[in-house]
Every structure is written in structure tokens, then in C-alpha cells.
1. I want to verify a result. In a Gaussian network model of the chain, Cα cutoff 10 Å, which of these has the top mean-square fluctuation: 126, 190, 106?
2. With log10 I(q)/I(0) by the Debye sum over Cα atoms at q = 0.08, 0.17 Å⁻¹ defined as stated, name the option among [x] -0.33, -1.18; [y] -0.37, -1.13; [z] -0.28, -1.12 computed from the structure displayed.
3. Quickly rank 148-156, 160-168 as a protection proxy: mean count of other C-beta atoms within 10 Å, highest first.
4. Can you tell me how much longer the chain between residue 67 and residue 116 gets when fully stretched, taken as 0.36 nm per residue apart minus their C-alpha distance, in nm with one decimal?
5. Packing-wise, with mean Cβ within 10 Å as the measure, how do 110-121, 169-180 rank, highest first?
6. Where does the chain land at 222 nm, in deg cm²/dmol rounded to the nearest 500, when only DSSP H runs of n ≥ 4 count, each adding -39500 (n - 2.57), divided by all residues?
7. For the chain, with every protein chain kept in place, what is the accessible area per residue (1.4 Å probe, Å²)?
8. Quick check: the angle from helix 148-158's long axis to the longest principal axis of the chain, C-alpha only, nearest 10 degrees?
Amino acid sequence: HSFKLDMSTTPRLMAAAAKHPNYSDELTFASLSGAAGRSDVDELNGSTRCVLVGEALMRAPDAGALVNELRYPSATVATKRVLAKVCGVTTAEDAILACRAGADLIGVINVAKSKRYVDAAQASDIVDAVRAFGEREQRWAPSSHGSLDAWADALRTATDRGRPLVFGVVQDQPLADVQKFVEGSGVDVIQLHGSESLEYAEALQV
């Protein structure tokens with residue numbers, strides 16, 4: 001057992017419990033995986049009647065609003081929130097300072113001519129620190145969206161309750177080099193800052 005947060009734990013245990021000979025529909029199950037927002041509750045698909053909310057309430061600027069968001073299906077808080085991005089971060093220490101100040105997105109620049117250039121190894125250290133701050137374990141894996149507004153809403157939901165993402169900024173670099181940077185750094189999103197084509201963008205994993 002560990003205290004590592006994993007929202008997949010509840011569905012996995014619920015599936016195992018359903019096969020137990022003493023299982024009953026009258027039993028009440030609670031998810032103790034640390035839900036941080038409405039999206040976490042929605043992922044449970046009604047499999048439990050209770051959720052544990054701890055640190056998210058401590059971080060929330062308005063605890064009452066968070067409770068209402070968790071209880072009732074509403075995207076008003078997430079969709080109207082302005083996203084804050086701090087770019088040009090070169091150290092894990094600076095990234096954590098930005099996260100503590102409320103940054104939703106941390107930008108690392110992988111463009112050689114930039115004074116704030118970082119390589120994949122440096123970016124990986126920043127990614128690790130930001131993921132630890134937001135209690136994430138894996139790269140963000142969003143669904144496909146058909147408009148910029150839909151993508152913005154997805155970003156707001158993903159970064160809600162102090163769970164920042166890391167953007168890797170590139171500019172007119174060979175696709176293979178960028179793919180290698182993505183693999184080596186673990187950044188959540190690549191931000192194209194040059195004249196890259198649609199085909200170039202579609203070839204990227206993130």
C-alpha cells in the first residue's frame with residue numbers, strides 16, 4: 001500500500017469486489033483516491049456513492065464552490081477560468097515557484113537560439129517536478145477536439161485544482177528532433193512557434 005494517488009484504483013477494486021461472494025448492491029463504497037475536481041468524479045461513472053476530497057479543498061480559493069462543483073455536474077467554474085502560462089522556465093526550482101504562484105501551464109523552450117534554451121534532460125527534470133507538484137504520474141492524454149474553444153476547455157479541466165501541465169516550445173526544427181525531445185523530456189504538449197505545417201503537427205505524439 002502507498003499514498004500515491006491513482007484514480008484508476010477505485011474502478012479496479014470495484015470490479016474485484018463485484019466478484020466477491022459477499023458482494024451486495026446494498027453495500028456503500030467510497031472512493032479514497034483523492035478526487036480533485038468534477039472531472040475526477042465523472043470518471044468514476046457513479047460506481048461509488050462517496051468520494052474523499054482532502055488537499056484539493058486546502059488549495060481551492062473557494063472551498064464552498066469546489067464542494068458544489070463536486071456535487072453537481074457543472075462546467076461553469078472550469079470553462080470560465082483564465083489560464084496562466086509561465087514560459088521560459090529553465091530549472092525545476094523555478095517551475096515549482098511558478099506552480100505555487102498559480103501557474104496552469106509551464107513552458108520550456110527547446111530552441112537553440114533562445115537564451116532560455118533547455119535540452120531534453122533539463123526539461124525532464126522540470127516535468128518531473130511539475131508532475132510531483134500536481135500529483136500526476138503520466139503525460140496528459142486528451143481526447144481529440146474539433147475547435148480551439150473545446151481545446152481551451154480541456155486545458156482548463158486538466159489543470160484545475162493546481163495540476164499544471166508542461167509545454168515544450170519548438171520552432172522550425174526537424175520533426176525527428178522534436179519527436180526525440182518529446183520522448184526524452186516527457187512534456188505534455190508541444191507548442192509550435194514557427195511555420196510548421198499541419199502535417200508536421202499531426203505527426204507529433206502530443
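The values are calculated or read from the model by the stated rules, or taken from the named source; none is laboratory data. Bear in mind that the values here come from a model prediction, so they are computed numbers and not experimental data. Positions of Cβ are generated from backbone atoms using ideal geometry, with glycine treated the same way; all protein chains shown enter the neighbour counts. Protein only, heavy atoms only, side chains kept; ligands, DNA and RNA dropped before computing areas. Shrake-Rupley method; radii C 1.70, N 1.55, O 1.52, S 1.80 Å.
1. Greatest mean-square fluctuation among the candidates belongs to 190.
2. Label [x] holds the value from this structure.
3. Ranked from most to least packed, the peptides come out as 160-168, 148-156.
4. On the way: separation 49, 0.36 × 49 = 17.64 nm, distance 4.02 nm.
Result: 13.6 nm gained on full extension.
5. Working: 110-121: 14.2, 169-180: 15.8.
Peptide ranking by packing, descending: 169-180, 110-121.
6. -11500 deg cm²/dmol
7. With the other protein chains kept in place, the chain gives 59 Å² per residue.
8. Result, in degrees: 60.
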